[in-house]
Amino acid sequence: MLQLPQLKGEGGKKRGPELDNIGTYLTVDEIKLKILDPKSFMAEGFEKEWEKGKMPDKYRTSWRKATFVALASWLVHSRITSVNTAKTD
């Protein structure tokens, strides 16, 4: 089963953390690392999903570097602080 995060209240509820406020906790480089290497660190409350390796790692080969930078930058700068995004370990 594909692990999808939520963004603006939409997406894979309970399969991944809400990302609306992820820029408060992670830098652009940390977000890129998480996309490239899903097992690099875990979001609080998603231990079971992390253990099972549900987040796909296919993006490392299917996306261009500029895509990672653009997505990570957008997530860092479009913070919605009213959303309770899970912190990472």
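For SER78, what accessible area in Å² do you get when you roll a 1.4 Å probe over the heavy atoms of the protein chains, rounding to the nearest 10?
We get 40 Å² for SER78.
Among the chymotrypsin sites (Phe, Trp or Tyr not before Pro) within the stretch 49-82, which fall in a DSSP loop and have no more than 16 other Cβ atoms within 10 Å of their own Cβ?
When the chymotrypsin sites (Phe, Trp or Tyr not before Pro) of the stretch 49-82 are filtered for loop state and at most 16 Cβ neighbours within 10 Å, TRP63 remain.
If GLU49, GLU18 are ordered by their accessible area, calculated over protein heavy atoms with a 1.4 Å probe, which sequence runs from highest to lowest? Numbers along the way, then the final one.
Values: GLU49 40, GLU18 65 Å².
Most to least solvent-accessible, the answer reads GLU18, GLU49.
Using only protein heavy atoms and a 1.4 Å probe, report how much of ASP57 is accessible, in Å² to the nearest 10.
Approximately 80 Å² of ASP57 is accessible to the 1.4 Å probe.
Just read off the accessible area of GLU44 with the full protein assembly in place, 1.4 Å probe, to the nearest 10 Å².
Approximately 90 Å² of GLU44 is accessible to the 1.4 Å probe.
In the stretch 45-79, which trypsin sites (Lys or Arg not before Pro) are in a loop and have at most 10 other Cβ atoms within 10 Å, using DSSP for the loop call? Please report the intermediate quantities before stating the final value.
Numbers: sites: LYS48, LYS52, LYS54, LYS58, ARG60, ARG64, LYS65, ARG79; in loops: LYS54, LYS58, ARG64, ARG79.
Qualifying residues, ordered by number: LYS58, ARG64.
The values are calculated or read from the model by the stated rules, or taken from the named source; none is laboratory data. This one's a predicted model, so the numbers in the text were calculated from it and none came from an experiment. Every residue, glycine as well, gets a Cβ built from its backbone with ideal geometry; the counts of neighbours run over all protein chains shown. For the accessible areas, the whole protein counts, side chains as well, though only heavy atoms, and no ligand, DNA or RNA atoms are used. Shrake-Rupley method; radii C 1.70, N 1.55, O 1.52, S 1.80 Å.
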